[in-house]
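See below for the structure under consideration.
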Amino acid sequence: MLRLVIRRLLFLALVIWSASTIVFFIPRMSETNAIRERFAELARTGGFSPTDLEKIIESYTKQFGLDRPLWDQYQDYIVSIFKLDFGFSLNRYPMTVTDVIMQAIPWTLSLLLVTTIISFLIGNLLGALSAWPKAPGWVRAFATPFVLLTGVPPVIMGVLLLFFLGFRMKLLPLGGSYSIGVVPDGSWTFMLDVLKHQVLPALSLILGSVGGWVLSMRGMGITIQGEDYVNFAEHKGLGAGAIFRDYYLRNTLLPQATALALALGTVVTSAIVVEGLFGLPGIGQALNNAIRSNDFPVIYGIVLFITGAVATLMVLMEFVYPLLDPRIRNE
Amino acid sequence: MNMGQDQNPVLRVSNLEVTYYTDSGRAKALDDVSFTLNAGEKLGMVGESGSGKSTLALAMMRMIKPPGRIEGGRVEIGGVDLMSLSEEDMRQARLSKIAYIPQGAMNSLNPVTRIGAQLVDAIRSHGIKDSRAQVEERCVNALKSVDLDPAVFRMYPHELSGGMKQRVCIAIGILLQPSVIIADEPTSALDVVTQRQVMETIDRVKDQINAAVILIGHDMGLMAQFVDRVAVMYSGRLVEVSTVREMFTKPVHPYAAALISSLPNLENKGVFQGIPGLAPSLLRLPGGCSFHPRCAKVMDICKTTRPTTRMVQGNRLVTCHLYNEEA
Ligand SMILES: Nc1ncnc2c1ncn2[C@@H]1O[C@H](COP(=O)(O)OP(=O)(O)OP(=O)(O)O)[C@@H](O)[C@H]1O
Ligand code: SF4
Ligand SMILES: [Mg+2]
């Protein structure tokens, strides 16, 4: 067990190190200079002379250490990974990278958690029931539309939802985190408004992913029904409920949890894209802005944060498997 | 019509019929099957693959699944006809009145839960409200009575050998002390030594709870050592039921006779003779007696008229026109 833990941790470190190294060099190949971007804009509006501008840029470049050799910067960068501190945002100075991430993370996390849990639960329940001969007929009817939507990319789903529910029927807001004119004060009205803005992004993520769970669960359910242990459970005189729960669902848990772990990466990417589409101020938008202004400390912070989070979750899942299936316990 | 040697049998199966409605036609897998069994008695059920042995067992449990259907008949245990019970009452009857130890015991245990949980849920599902400790004690006793260590209670199926899993299934079968236990080929996947042990275990627990036991199997030899009576099935019909001694020394049905003489013995030096011809498909059964194309004693009437099951020589059952006069 200890060896496994060490192996997994080494693996985790390797993943994070390779991702962070690639991530370090990519923004450096860009011509865009974040400091110049920012002050050029200020210069246009605020009117200081081009010579001043060059001086300011120079001093900031020095202050951020960007004039030093790339190799030195890389070393600092690796140190900053260990310290989990990437310093200041170039573009949104004096905000730190941590500030930027912390501000954005609640939006992304809540969207991700809610949508993943909802589609996993709905999909697996519908899939399990639609393979179960004793389930009522409406279950299958209810599952079909989800199955038909399987694989529609969340962005396309989002555009369609925006067009029909938002634009044509005006049922829900088109984007943003809350309505203009609503005071962000934590009151019920405000909360409700925020929730309304979350419905379409959430639906875009949920609608296309439920079907996948339905299909995989249904397939598994049909296999498990033919298993001798399900028949024997019936011979033992167990009721349908107990068989469904303890023999049938219980045996699909491990493969489905594995599938969930594998899906995590995609789920995060989809969430980021959908946030962009709906203008939610989450990680996706923060990353988007950072890339556009080549604000590399923020890019580093976000990419490493996501990589670290997904890798950690996957490693954690691996320690959950033995709890779900005793057969993997002895390995 | 009295179909057994006892006026008060614990099990009475009468005129049981099962049909599978397959895409290629209707297959009558059980045709007018009747027999009785006394408490403490062991019946061996033999017949070629596909002759309907498992179907008979499943029909008695009322566990025939589509495309199969029980078309009629009665299965009375202690005077109560299982066929007339409500779904819920039948569920309760499973394991408490009649237990089935399935053909594939290797995979009959839930791989992800402990053996203990799989014994406990069987007890709990029958509305037994004993304390946890009492239930556990009961399970451990059941495990002990099939020669398993009480530690098995906390183990998982993958930690057990084939023979141990088979014993666990038997332990589950006797948990609620049913009056009838059906064991479907309980030994077919086991080595010879384990086979013997499992059979002896069944024998012993049967005595403890005085149950009637039906042992399904191919192996006439093994059967002969453990059962009191032997029933022979052929294409969905029970063609002969006799005591072991009668069956092996003087079988009455021509098919049973062919089976017995095909067994390896000292005279023919272990050469398996086999029975000429093939077992018929249930979809295209020959008319009259379905055995007639292979029967050495076939008569004209056999090709046109179905023989009925009748009692001969005291308490032997036979389904053959040769015995029409003796009825
Ligand atoms: N689900 C089913 N659908 C269609 N036909 C079936 C089904 N189950 C069984 N049968 C048919 O019923 C007949 C009896 O099958 P059964 O399993 O009872 O035979 P068996 O005597 O137990 O054979 P074995 O010794 O191989 O276990 C067979 O001819 C089989 O083809
Ligand atoms: S009824 Fe006729 S064909 Fe059938 S077993 Fe008896 S003698 Fe043979
Ligand atoms: Mg069988």
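The values are calculated or read from the model by the stated rules, or taken from the named source; none is laboratory data. Just so it is clear, the structure is predicted and the values come from calculations on it, not from any experiment. FYI the Cβ positions are ideal-geometry reconstructions off the backbone, even for glycines, and counts take in every protein chain you see. Areas reflect the complete protein model, heavy atoms only, side chains present, ligands, DNA and RNA absent. Shrake-Rupley method; radii C 1.70, N 1.55, O 1.52, S 1.80 Å.
Under 5 Å between amide hydrogens, built in the peptide plane, is the criterion, and for A:THR96 it picks out A:SER89 among residues at least 5 positions away or on other chains.
Using the eigenvalues of the Cα gyration tensor, what equivalent ellipsoid semi-axes result for chain A when each is taken as the square root of five times the eigenvalue, whole Å, largest first?
Largest first, chain A gives 46, 28, 14 Å.
Working from label points 7 Å from Cα in the Cα-to-Cβ sense, the B:ARG132 to A:GLU58 distance is 7.7 nm. Counting only Cα atoms, the size of the stretch A:100-295 along its three principal axes is 64, 37, 31 Å, in decreasing order. At a Förster radius of 51 Å, what calculated FRET efficiency corresponds to the Cβ-Cβ distance of B:THR308 and A:ILE6, to the nearest 0.05? Efficiency for this residue pair is about 0.10.
Exposed loop sites here are trypsin sites (Lys or Arg not before Pro) assigned a DSSP state other than H, G, I, E or B and surrounded by at most 16 other beta carbons within 10 Å; excluding them, the longest clear run of chain A is A:171-328. Computing FRET efficiency as 1/(1 + (r/R0)^6) for A:TYR321 and B:MET83, where r is the C-beta to C-beta distance and R0 is 35 Å, gives about 0.15. The residues of chain B have, on average, 43 Å² of accessible surface per residue, using a 1.4 Å probe with all protein chains present. Shape annotation for chain B: C-alpha extents along the principal axes are 66, 49, 43 Å, from largest to smallest.
To the nearest 0.05, what FRET efficiency results for B:ASN141 and A:ILE222 with a Förster distance of 41 Å applied to their C-beta separation? Approximately 0.60, to the nearest 0.05. Shown here for the stretch B:284-327: trypsin sites (Lys or Arg not before Pro) in loop regions (DSSP other than H, G, I, E, B) with at most 15 other Cβ atoms within 10 Å, namely B:LYS297. Accessible surface area normalised per residue over chain A is 53 Å², counting heavy atoms of protein chains with a 1.4 Å rolling probe. Phi angles of the stretch A:106-119 translate, via the Karplus equation with coefficients 6.51, -1.76, 1.60 and θ = phi - 60°, into HN-Hα couplings of x, 4, 5, 4, 5, 4, 5, 4, 4, 5, 5, 5, 4, 5 Hz per residue; Gly and Pro are given as x.
Leaving out ligands, DNA and RNA, calculate the buried accessible area for the pair B and A with a 1.4 Å probe, summed over both sides, in Å² to the nearest 100. Don't skip to the answer; put the middle values down first.
Details: alone 14910 and 18760 Å², together 31590 Å².
When B and A are taken together, about 2100 Å² of accessible area is lost.
Computed over the alpha-carbon atoms, the protein assembly as shown gives an Rg to Rh ratio of 1.18, Rh here being the Kirkwood radius from the mean inverse distance. Placing pseudo-labels 7 Å out from each Cα toward the beta carbon at B:SER161 and B:GLN225 gives an inter-label distance of 1.7 nm.
Extension gain, A:ALA259-A:ILE78: 0.36 nm per intervening residue step, less the Cα-Cα distance, totals 61.9 nm. How would the stretch B:3-108 be classified by its alpha-carbon gyration tensor: rounded, prolate or oblate, with rounded meaning a/c under 1.5 and the a/b versus b/c comparison settling the rest? Note, shape of the stretch B:3-108 comes out rounded. With the helix formula -39500 (n - 2.57) applied to DSSP H stretches of n ≥ 4, chain A reaches a computed 222 nm mean residue ellipticity of -24500 deg cm²/dmol. Expressed as a whole number of Å, what is the distance separating the alpha-carbon centroids of the stretch B:103-126 and the stretch B:292-327? Cα centres, the stretch B:292-327 to the stretch B:103-126: 44 Å.
Summarise the accessible area of the protein assembly as shown (1.4 Å probe, protein heavy atoms) by the percent that is carbon and sulfur.
Numbers: 19570 of 31590 Å².
Solvent-exposed carbon and sulfur of the protein assembly as shown make up 62 percent of the total.
When only alpha carbons are used to place a centre, the stretch A:134-152 and the stretch B:189-234 end up 48 Å from one another.
Identify which of A:GLU58, A:GLU275, A:GLU41 has the largest mean-square fluctuation in a Gaussian network model of chain A, with springs joining Cα atoms closer than 10 Å. Among A:GLU58, A:GLU275, A:GLU41, the largest mean-square fluctuation in the Gaussian network model of chain A belongs to A:GLU41.
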